[in-house]
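Since every read-out is calculated from the coordinates, none of them should be taken as a lab result. Worth saying up front: this structure is predicted, and the values here are computed from it rather than measured. Glycine also receives a Cβ, built like all others from the backbone with ideal geometry; neighbour counts cover every protein chain displayed.
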Amino acid sequence: MSLPRLLLGVGVDPMDYATHVRVHGELPAAARRSRNGLPPPLVAELTRAALRGRGGGGFPLATKLDVVLRAKGTAVVVVNGTEGEPMSVKDRMLLEALPHLVLDGARCVADALGTNDIVIALDAGLRQATEVLRDALAQRPDARRRGGQPRIVVMPAGYVTGHETAIVNFVNRGIARPTTQPPRVSDRGVSRRPTLVSNAETLAHVALIARRGAEWFRELGPSDEPGSALVTLSGGVRAPGVYEIEYGSELASLVRAAGGMTEPARGFLLGGYGGAWIDATSARTVHLSRRSLAPLGATLGAGVIVALPQSACPVAEVTRVAGWLADESAGQCGPCVNGLASIADTLADVAEGRAGRGAFSDVLRWSELVTGRGACAHPDGTATFVTSALRVFRAEFDDHARHGPCDACARRSVLVTPRERSLAA
Ligand code: SF4
């Protein structure tokens, strides 16, 4: 079966349970349960499938499951349905349109871990998804199972509130801020129990692998990175939106599928605001796989792809987002709080043409200094976003440093943050 996989049968309205079963078939129970003390067959199947998390980190799901299985105590499964990445809508779209795929996946891993405890974490901006999930839970055959109903937890919206430790911290103590590890949530998470936190799309893939098996999953994509993924494509393409791609396919073919560019591209942002920029020339031949993107310092991350059109100013775009990222720091790790603010302020000086001579080397040095120095990866992602921009758009940054704002600086933003969204509302 080729594409679509996850998006098979997707429509305008949420897919109800009866339609979901008609499209995908019943969920086989046998593959999920542990027998005679052996690991559940689902873990072996996910190992063969080599399914990696689709929330940004790309960690192998089977490894995560195995760690939680080995930990002492009854596990908790957390569906990470938060979508803090402002340029991503793929998880929201999945939850709103195809809630039963996500719920099936959560049920599969919960069964494999021998638990009934499922928490669905959504951010406060996802009101429609919250309603859809409540309706979807009521439609399911296990809706009346005592003690077996997933619990929906609505988190404050924010860029770092979707980090797995922030979700666990919020469920336990009502504080939506990441925490340092150890202890890892896989050992001591929700209610101090072993906890598996998995992104909504990752669980939707589990729902299909449990039905069709690892070999089917591996029919798409390169052998070291099989399967499909949802991406949110935006910027200067004619038909922005959520697309399901095969890993290893060309970025250029995705742009063609989206109707092509409205004007030539200046560069592409891959992976979102914690991701990296690549230049327009490389974008013509690059493939959407780890192997092809690695030499460019990029990954697909949570599947965000932004095509920056020629008429946009990359300096204005990057500077504005860097300022927002600095403000999104959870304010508890010194290098993150001070380093990101210094980077953002210096970029703002460059954009205005008032920076001193050492501005670029300062930004590069601070970016190196903050990397790996936070309780979460927020400083690392911000550093990658900024340093890749300085590499790809160096001529534009030099020009602003010398002459100040250009005509395009005042154009409508391509990269949006919740701040612009609320101003536009
Ligand atoms: S690194 Fe930054 S965002 Fe992450 S926990 Fe520390 S202060 Fe918060």
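Here the range 377-421 is scanned for amide nitrogen atoms under 19 Å from the site 7 Å beyond the Cα of Thr180 along Cα-to-Cβ, giving 377-380.
Each part gets one Cα centre, and for the range 251-328 versus the range 62-95 those centres are 25 Å apart. Toward the positive end of the charge dipole of the range 348-425, about the Cα centre and with charges on Cβ (Lys, Arg +1; Asp, Glu -1), which of Pro418, Gly353, Ala375 goes farthest? Farthest towards the positive end: Pro418.
Calculated on the alpha-carbon coordinates, the convex hull of the range 279-370 measures out at 135 cubic angstrom per residue. For the range 189-240, the fraction of C-alpha pairs more than 12 angstrom apart is 75%. According to the Kirkwood expression over distinct Cα-Cα pairs, how big is the hydrodynamic radius of the range 61-140, in Å? It is 13.5 Å. Normalised by the number of residues in the chain, the mean separation of alpha-carbon contacts (under 8 Å, six or more apart) gives a relative contact order of 16 percent. Exposure proxy for Leu364, Leu269: other Cβ atoms within 10 Å of each Cβ, ordered fewest to most, give Leu364, Leu269. Can you figure out the FRET efficiency of Glu215 with His403, using R₀ = 45 Å and their beta-carbon distance, to the nearest 0.05? Computed FRET efficiency for Glu215 and His403 comes out at 0.15.
Modelled this way, with points 7 Å down the Cα-to-C-beta line, the labels at Ala138 and Asp224 are 4.9 nm from one another. Quick one: Debye curve from the alpha-carbon atoms of the range 77-233 only, equal weights, vacuum; give me log10 I(q)/I(0) at q = 0.16, 0.20, 0.21 Å⁻¹ to two decimals. Debye output, listed in q order: -0.93, -1.36, -1.44.
A P(r) calculated from all alpha carbon pairs of the range 1-155, with 10 Å bins opening at zero, reads 10, 38, 40, 12, 0 percent.
Only Lys, Arg, Asp and Glu carry charge here, each on its Cβ (+1 for the first two, -1 for the last two); on that basis the range 1-140 has a dipole of about 560 debye about its Cα centre. Take the Cα of Arg70, go 7 Å toward its beta carbon, and the backbone nitrogen atoms of the range 184-226 under 19 Å from that spot belong to 184-189, 193-197.
Each Lys and Arg Cβ is given +1 and each Asp and Glu Cβ -1; about its Cα centre, the range 137-219 then shows a dipole of about 460 debye. Which residues in the range 107-140 place their backbone N less than 12 Å from a point set 7 Å from the Cα of Gln149 along the Cα-to-Cβ direction? Residues passing the 12 Å test: 134-140. Derived value for the range 135-194: Kirkwood hydrodynamic radius 13.0 Å. Basis is the mean of 1/r over every pair of different alpha-carbon atoms. Legend: calculated FRET efficiency, Arg256 to Arg173, from the Cβ-Cβ distance at R0 = 51 Å, rounded to 0.05, equals 0.60. Where the alpha-carbon atoms of the range 302-352 are placed on the principal axes, they occupy 37, 32, 11 Å, in descending order. Kirkwood-based Rg over Rh for the chain (C-alpha set), two decimals? My calculation puts Rg/Rh at 0.97.
Given the range 290-425, what whole percent of its Cα pairs are spread farther than 27 Å? Looking at the range 290-425, the distances longer than 27 Å represent 19 percent of pairs. Measuring r between the beta carbons of Ala44 and Leu8 and using R0 = 25 Å, the FRET efficiency lands at 0.50.
Given 20 °C and 1.002 mPa s, how large is the Stokes-Einstein diffusion coefficient of the range 145-268 in µm²/s, with Rh as the Kirkwood radius over Cα pairs? Rounded to a whole number, D works out at 120 µm²/s. Of the three principal axes defined by the Cα atoms of the range 57-104, the extents in descending order read 37, 23, 15 Å.
Among the trypsin sites (Lys or Arg not before Pro) in the range 230-324, those placed in a DSSP loop whose Cβ has at most 12 other Cβ atoms within 10 Å are Arg238, Arg284.
When the helices of the chain are scored as -39500 (n - 2.57) per DSSP H run of n ≥ 4 and the total is divided over every residue, the value at 222 nm lands at -12000 deg cm²/dmol. Averaging the sequence gap over all C-alpha pairs within less than 8 Å and six or more residues apart, then dividing by the number of residues, gives the range 298-366 a relative contact order of 26 percent.
As a proxy for reagent exposure, ranking Val237, Val76 by other Cβ atoms within 10 Å from fewest up yields Val237, Val76. Summing charges over neighbours of Ser289, with a neighbour being any other residue whose Cβ is under 13 Å away from its Cβ, gives -1 when K and R count +1 and D and E count -1. Charges were assigned to the Cβ only: +1 to each Lys and Arg, -1 to each Asp and Glu. The resulting dipole of the chain about its Cα centre is roughly 1220 debye. Ranked by the mean number of other Cβ atoms within 10 Å of their residues, highest first, the peptides 63-71, 342-350, 177-185 fall in the order 342-350, 63-71, 177-185.
Peptides 100-113, 189-202 ranked from most to least packed, by the mean per-residue count of other Cβ atoms within 10 Å: 100-113, 189-202.
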